[in-house]
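Okay, so here's the structure we're looking at.
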Amino acid sequence: VAIALEDGQDIVVSMNKVWPMGNPTETYMYYDYPFCQPKVVMPHFMTLGQILRGDRLVNSLYDIKMKRKMQRTVVCDKAVTQKDIDSWKAAIDANYMFELFVAELPIDRPFGVKSEVDWEGEVKDRYFLVNYLDFIVGYNGGEVVSANVTRELNLEHLVDITNWKEGMTVQFSYSVDWTERPEINPAQALELQVKAAMPHGHTNMDIHWLAIINSFVLMMLILSLFLLIIIRVVRSDLSRYLQIPDEELSANWKLLHADVFRSPKHRLFFCSAVGAGAQLFSVFIMVVLVGCVGVFYQRGAVASAGIISYMVGAALGGYISAQLYQSLGGDKWAWNIIVTACTFAGPAFGCWSFLNTVAIMYGSTAAFPIPTVLLMFAMWACVTFPLTVLGGIVGRHHAMRKGQQEPPFPCKTNKLAREVPGCQWYQSTTTQMFACGFLPFSAIYIELHYIFNSVWGTRVYFLYGILLLAFLMLLLVASTVTVLFTYFHLNAEDHRWWWRSFSTGIAVGGFFYAYCFYFFLQTHMSGFLQCAFFFLYSLLVAYGLALMLGSISFCATLYFVIYIYSRIKAE
């Protein structure tokens with residue numbers, strides 16, 4: 001909650017990080033470059049989400065007081081070396097930006113500019129460093145509601161650093177001007193500040209909505225067609241099978257009643273994957289709901305919400321995994337719970353360990369501080385894992401009590417598995433993987449462009465309502481297509497539907513990762529650090545998407561199979 005300030009009271013100005021425009025993940029501390037800095041650099045308070053996104057707020061030399069104008073004031077005269085000049089010039093070549101905060105309102109500006117000049121018939125590059133910041137701060141009552149630094153740079157804001165000279169000094173200065181902004185509500189100050197930093201954030205909204213509506217209509221047509229086929233065929237089959245004896249049946253799904261609920265191979269890992277996917281599904285839903293509320297303008301709010309949701313959702317993951325494993329007759333329930341807790345966390349830890357090592361080698365703020373690492377381990381060990389165990393115990397006992405009252409599945413399973421005949425091309429695994437990957441992915445690929453621009457850029461994503469709509473379309477299409485292909489396989493007397501239904505998520509994850517390569521080619525990312533972060537974290541997200549959609553598709557298919565086999569009389 002913002003506190004009203006008295007006239008003349010100090011305004012906190014924090015310096016944050018610097019980064020090249022093309023590599024937003026390659027972040028460094030502001031004072032890693034030879035700027036004027038306090039005698040003692042003190043870190044400012046940051047939330048866990050801010051630390052995870054690479055923010056490193058520290059104190060500055062800018063002395064701004066509430067409603068007190070200040071003429072141009074010298075911060076320091078910095079004696080520079082050739083090495084300092086070279087580092088500034090390299091940063092300007094790479095289009096480096098720096099970020100600072102005025103009363104928790106972010107401002108980002110370029111290091112400087114480079115221009116070509118014709119000098120005695122020869123074109124040469126001249127480098128200019130921004131050495132003068134003219135702050136324009138807005139207030140409403142006793143609260144700061146806007147902060148800005150003039151974007152239109154002219155010669156008074158710049159100093160020529162093209163050539164270094166012995167004893168060269170660079171003077172850094174700033175000025176402060178105050179303006180009353182009664183039209184800005186203090187509660188909306190941060191939101192307006194962030195939107196103002198995205199001048200092109202709303203220019204394509206009409207095209208965006210048109211694309212979403214077009215995708216929505218297409219998905220509804222596909223969904224309606226598949227549902228029509230499934231309902232008509234299944235209803236026809238059920239009506240025939242309820243009246244015709246078994247010996248008169250031709251090859252169809254009814255013949256598999258003694259094999260359709262046979263446990264899949266590697267059921268422990270299968271149940272763990274389903275449980276981990278359910279946990280990630282709960283995480284996504286809670287993060288999107290938090291985004292719909294509008295708190296995503298707070299720095300690191302989405303990351304913090306994701307971590308809390310993952311910890312709390314562990315109970316759901318453990319419950320579903322253990323309940324399914326018990327229903328399938330599994331006896332290694334302790335290992336099932338442990339594997340469930342590590343199914344996503346294990347690969348995520350391996351990916352993070354490598355990338356954190358790379359970031360440390362580069363001296364980037366993308367590397368987590370040791371206290372943050374210890375906190376993350378403590379949260380997993382003290383909250384996530386115990387909740388997984390608790391959920392697993394509850395799910396196992398619930399399945400055991402339910403199994404004592406009635407069998408978990410409507411049909412008994414024979415000891416010997418039925419031989420699986422050959423199948424048509426449209427019933428093959430390859431065809432299913434392509435269809436179950438491409439059709440659901442077409443529901444979200446448009447929105448991915450905006451999400452990627454936010455995650456791998458400087459823009460803030462705020463269309464969480466549209467994201468929720470696109471995600472619901474994704475779930476509907478993925479579940480429907482999976483159920484349709486499962487019916488095809490059952491009619492072909494193929495009872496191996498468990499892993500195939502889960503493979504829908506794997507297919508969508510594959511298409512997602514292929515899109516990552518396409519997006520990468522449209523950007524200006526370069527360097528090992530940025531490329532490693534992009535491709536490895538994208539791979540981790542693709543893996544999480546595969547678990548989540550695989551779990552949802554399997555659950556939809558399980559309910560479908562139980563539904564149709566519970567309505568036939570099979571001895």
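The values are calculated or read from the model by the stated rules, or taken from the named source; none is laboratory data. This one's a predicted model, so the numbers in the text were calculated from it and none came from an experiment. Neighbour counts run over all protein chains shown; Cβ positions are idealised from the backbone, glycine included. Note: accessible area is taken over every heavy atom of the protein model, side chains too, but ligands, DNA and RNA are not part of it. Shrake-Rupley method; radii C 1.70, N 1.55, O 1.52, S 1.80 Å.
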Of all helices (runs of 4 or more DSSP H) fully inside the range 411-506, the set with 2 or more residues that are farther than 28 Å from residue 25 by Cβ and in contact (Cβ under 8 Å) with a residue 40 or more places away in the chain is 429-441, 464-491
Q. Yes or no: residue 107 out of contact with any Pro (no Cβ under 8 Å at 6 or more places or on another chain) and surrounded by 15 or more Cβ atoms within 10 Å (Cβ to Cβ)?
A. yes
Q.
Scan the range 45-65 and tell me whether some residue there is under 30 Å from residue 530 (Cα atoms), open to solvent by 30 Å² or more (accessible area, probe 1.4 Å), touching a helix residue (DSSP H, G or I) at 6+ places or on another chain (Cβ under 9 Å) and among the aromatic types (Phe, Trp, Tyr).
A. no
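Would you say residue 365 is farther than 23 Å from residue 548 by Cβ and touching a residue at least 40 places away in the same chain (Cβ under 8 Å)?
Details: farther than 23 Å from residue 548 by Cβ: yes; touching a residue at least 40 places away in the same chain (Cβ under 8 Å): yes.
So residue 365 passes the test.
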Within the range 155-188, residues being open to solvent by 70 Å² or more (accessible area, probe 1.4 Å) and more than 28 Å from residue 4 (Cα to Cα) number 8
- [ ] Kindly indicate whether any position in the range 386-403 is surrounded by fewer than 17 Cβ atoms within 10 Å (Cβ to Cβ) and modelled with pLDDT under 80.
- [x] yes
Filtering the range 270-295 for residues that are of a type outside the set (Gly, Ala, Ser) and more than 13 Å from the chain's Cα centre (by Cα) leaves a count of 9
Sole miss for residue 85 among (1) open to solvent by 10 Å² or more (accessible area, probe 1.4 Å); (2) at pLDDT 90 or above; (3) not in a strand (DSSP E or B) is condition (1)
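Yes/no matrix, rows are residues, columns are (1) farther than 23 Å from residue 162 by Cβ; (2) over 24 Å from the mean Cα position of the chain (by Cα); (3) touching a residue at least 12 places away in the same chain (Cβ under 8 Å):
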site: 9; (1), (2), (3): yes, yes, yes
site: 13; (1), (2), (3): yes, yes, yes
site: 17; (1), (2), (3): yes, no, yes
site: 34; (1), (2), (3): no, yes, yes
site: 42; (1), (2), (3): yes, yes, yes
site: 65; (1), (2), (3): yes, yes, yes
site: 87; (1), (2), (3): no, yes, yes
site: 97; (1), (2), (3): no, no, yes
Test: residue in the range 483-505 that is open to solvent by less than 30 Å² (accessible area, probe 1.4 Å) and farther than 30 Å from residue 421 by Cβ: no
Only one of 339, 383 is touching a Leu at 6+ places or on another chain (Cβ under 9 Å), more than 29 Å from residue 529 (Cα to Cα) and β-branched (Val, Ile, Thr), namely 339
